[in-house]
Structures are given as structure tokens and as C-alpha cells.
Amino acid sequence: MLVRVAYRIAGTEEAAEDIVHESFIRLIEKKIPFATLDDAKYWLIRVVKNGALNYAKRKGREARAYERWWRGEKAETEAVDVELMRGESREEMRFFLEKLPENLKSVLVLKEYGGMNYREIGRVLGITEGNVKVRAFRAREALLAMMKEGGKHVS
């Protein structure tokens, strides 16, 4: 039931399973004494729901950030030869990526180019999954800021 709730909100099975897993970890770590089994059940449902909502909000912010960048790219490619722009965009992305601090760059490279999920990245880097998510968000925001400063007008 918890996975179904998380799946309906988060939209992916993998994310739903991760959210439920994190909720059970919270339950164990907090060692909350519940009067009844139903109290524990409803607490878990609430934690899963909130975790899934937070995940959905975060994914929405990430999607909007990419969309803003792609809209800026699309407007430019309409005015210039498409192949030339793709090459330049790749070069600019590499340039901006190299400017990121190593802790942000490594997370973004593993996520976007390595195709790894947050848990796998956390294992590779020896940090928590939550820290991976924070670093990925900060890296994307930093890239957008650098692109704006570097002449790319992102709206």
C-alpha cells in the first residue's frame, strides 16, 4: 500500500520504492513508541506521502530548470546552423561543467552521463543519498547561473 501511494505521487516505481525504504529507516531510527499498530501505519503513510510530494516537487524544479535552458537553446538554434550550435553547446557545457567544484561536478557527471541513480552515486562517492540529491540540484542551479552569465539568456 505504501509503495502504491508513493508511486501515484512520485510517478516512478524506483522512486516509490526508495521513498518507502527511507520512511522505514526513519521509523527505525526515531524509535517512536506508538500506542497502536494503526498509529504506526498512519505515521508511515504520512511520511511516505510527504516524501513523495517532496520528490515530485524536486523533480518539477529540475524539469523547469532544464526546460528554461532548452528554451534558450531552441531560440538560438533557429537563427543559426543547427549542427554548428550543437557542437558549440557541447563545448560550452563541458566548459561550464569544468568550472563546477569537484563535489558538484562528480555527482552531475555520474547522474547525467553515467546514468546512475542517487543511491548508486552515494555508494560510489561515500555520501548519503540525500546529500547526492542536494549536490545534484546545486550543480544544476550553478550551471544555469554560469550559462546566464556566459551570454546564454535563460528565461
(request) Take each of the peptides 11-22, 51-62, average the number of other beta-carbon atoms within 10 Å over its residues, and list them starting from the highest. (result) 11-22, 51-62
(request) Step through the table entries 59/133; 49/111; 31/57, compare each Cα-Cα distance with 20 Å, and write down the pairs that go over it. (result) 49/111; 31/57
(message) Report the gain in length on full extension from residue 64 to residue 112: 0.36 nm times residue separation, minus Cα-Cα distance, nm rounded to one decimal.
(response) 15.7 nm
(request) Please give the contour-minus-distance gain from residue 25 to residue 57: 0.36 nm per residue of separation, less the Cα-Cα distance, rounded to one decimal in nm. (result) 9.3 nm
(request) Sticking with the crude label model, points 7 Å out along Cα→Cβ, report the distance from residue 103 to residue 128 in nm, one decimal please. (result) 1.4 nm
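Every read-out reported here was derived from the displayed coordinates using simple, explicitly stated rules and does not represent laboratory data. None of the values given here were measured: they were computed from a predicted structure. Cβ atoms come from the backbone with ideal geometry, glycine included; neighbour counts cover every protein chain shown.
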